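In what follows, a structure is listed as structure tokens, so that the remarks can point back to it.
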Amino acid sequence: MLDEFKEIYKYREMIYSMVRKDLRGRYKGSVLGFLWTFINPLLQLLVYNMVFSIILRNDIEKFYLFLFVALIPWMFFSASITGGSVSIISQKDLIKKIYFPREIIPISYVTSCFVNMLLSFIVVIIVVFASGVRPTLTGLILLPAIMIIEYLLALGIAMITSAVTVYFRDLEHILGIISMAWMYATPICYPESLCPEKYRFLFHLNPMTSIVEAYRAVLYYGTVPDMSTLLESVVLGLVFLTAGCVVFGKLKKHFAEEL
């Protein structure tokens, strides 16, 4: 596995080139262009906030912020696993023409989504401070670590889904349903406290639960994430990344034949 990491590192310029190409082409041809990076999450926030603050009312203080600091990370995660699932298939011509580590494709796609999330966080930070929340210095220092943990989790799952989709094309459509169900199984639109105590353990088997709670601790409550929650995120992120590497490594051998 170490040799594979070394080989991927040798192709780092290819990753950079593919990420840049994806970011440039994401909103190519649209009137507002790159501004959609900021407009899209704001519009989603407006819709969710209207539904859960006006129609399905709740008593959560500053619900727009409670939702926003969890919604942006979720959008990155969801895009990584659904869009990442077809990343290999979409690059089938490239795979058939030249040799390069196949892991480059899901890595570059997830990295592109990650960069897009980082740009969206400019808006998040502005909204956080405009709302009167003052994150602690320790919390802000830990924020990049939380982002990296989520990146590793998303990459691990994207590697699994991208490899399996080559052999089972229906997975692309199934993941759309799974992603929707997964979102409502994650405390994005509601607090974790709503989950009954007896089901709390199962609730935390969802790797995004601990990650969302860590984001919210820093950016909504203005505190430091609970260390047990952060450790839980690290463990789950590494488990999924390892599983992704193993599954991808076994299935990539016959990509060219299947495509």
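The values are calculated or read from the model by the stated rules, or taken from the named source; none is laboratory data. Not measured: the values here are computed from a predicted model. As a convention, Cβ positions derive from the backbone with ideal geometry for all residues, glycine included, and neighbour counts pool all protein chains shown.
Within the option set Gly132, Gly176, Gly139, Gly222, being touching a residue at least 24 places away in the same chain (Cβ under 8 Å) and on the phi > 0 side of the Ramachandran plot holds for one residue only, Gly222. Given the criterion over 24 Å from Ile107 (Cβ atoms) and either in contact with a Phe, Trp or Tyr (Cβ under 6 Å, 6 or more places away or on another chain) or of a type in the set (A, V, I, L, M, F, W, C) (or both), identify the matching residue among Tyr190, Tyr199, Tyr220. After ruling out the rest, the residue left standing is Tyr220. Taken over the range 50-71, residues that are modelled with pLDDT of 70 or more and among the hydroxyl-bearing types (Ser, Thr, Tyr) amount to 1.
Name the one entry in Met180, Met159 that is in contact with a Phe, Trp or Tyr (Cβ under 6 Å, 6 or more places away or on another chain) and in a helix (DSSP H, G or I). It is Met159. The set of residues from the range 76-108 being under 22 Å from Tyr215 (Cβ atoms) and of a type outside the set (A, V, I, L, M) comprises Phe76, Phe77, Ser78, Ser80, Thr82, Gly83, Gly84. Does Val47 satisfy the condition of being of a type in the set (Val, Ile, Thr) and either closer than 22 Å to Glu192 by Cβ or modelled with pLDDT of 75 or more (or both)? Criteria met by Val47.
Entry remark, the range 161-186: residues being under 17 Å from Gln44 (Cβ atoms) and of a type outside the set (Phe, Trp, Tyr) number 5 in total. Of all the listed residues (Ile122, Ile105, Ile126), the sole one being part of a helix (DSSP H, G or I), out of contact with any helix residue (DSSP H, G or I) (no Cβ under 9 Å at 6 or more places or on another chain) and among the β-branched types (Val, Ile, Thr) is Ile126.
Test Gly249 against the stated conditions and say whether it is on the phi > 0 side of the Ramachandran plot and of a type outside the set (A, V, I, L, M, F, W, C). The answer is no for Gly249. Given the condition buried (at least 23 other Cβ atoms within 10 Å of the Cβ) and either in contact with a Pro (Cβ under 7 Å, 6 or more places away or on another chain) or in a loop (DSSP other than H, G, I, E, B) (or both), answer yes or no: does some residue in the range 58-69 qualify? No - not one qualifying residue is present in the range 58-69. Given the options Tyr151, Tyr167, Tyr220, Tyr190, name the one that is surrounded by 15 or more Cβ atoms within 10 Å (Cβ to Cβ) and either touching a Leu at 6+ places or on another chain (Cβ under 9 Å) or of a type in the set (A, V, I, L, M) (or both). Result of the check over Tyr151, Tyr167, Tyr220, Tyr190: Tyr220.
The residue of the range 205-252 that is modelled with the lowest pLDDT, among those that are within 18 Å of Gly156 (Cα to Cα) and either basic (Lys, Arg) or in a loop (DSSP other than H, G, I, E, B) (or both), is Leu205. Candidates are the residues of the range 83-100 that are crowded, with 18+ Cβ neighbours inside 10 Å and in contact (Cβ under 8 Å) with a residue 40 or more places away in the chain; the one that is nearest to Gly249 (Cα to Cα) is Ile88.
The set of residues in the range 95-106 being out of contact with any Leu (no Cβ under 9 Å at 6 or more places or on another chain), of a type in the set (A, V, I, L, M, F, W, C) and modelled with pLDDT under 85 consists of Ile98 alone.
Tallying residues that are of a type in the set (A, V, I, L, M, F, W, C), within 11 Å of Ile160 (Cβ to Cβ) and surrounded by 15 or more Cβ atoms within 10 Å (Cβ to Cβ) within the range 225-259 yields 6.
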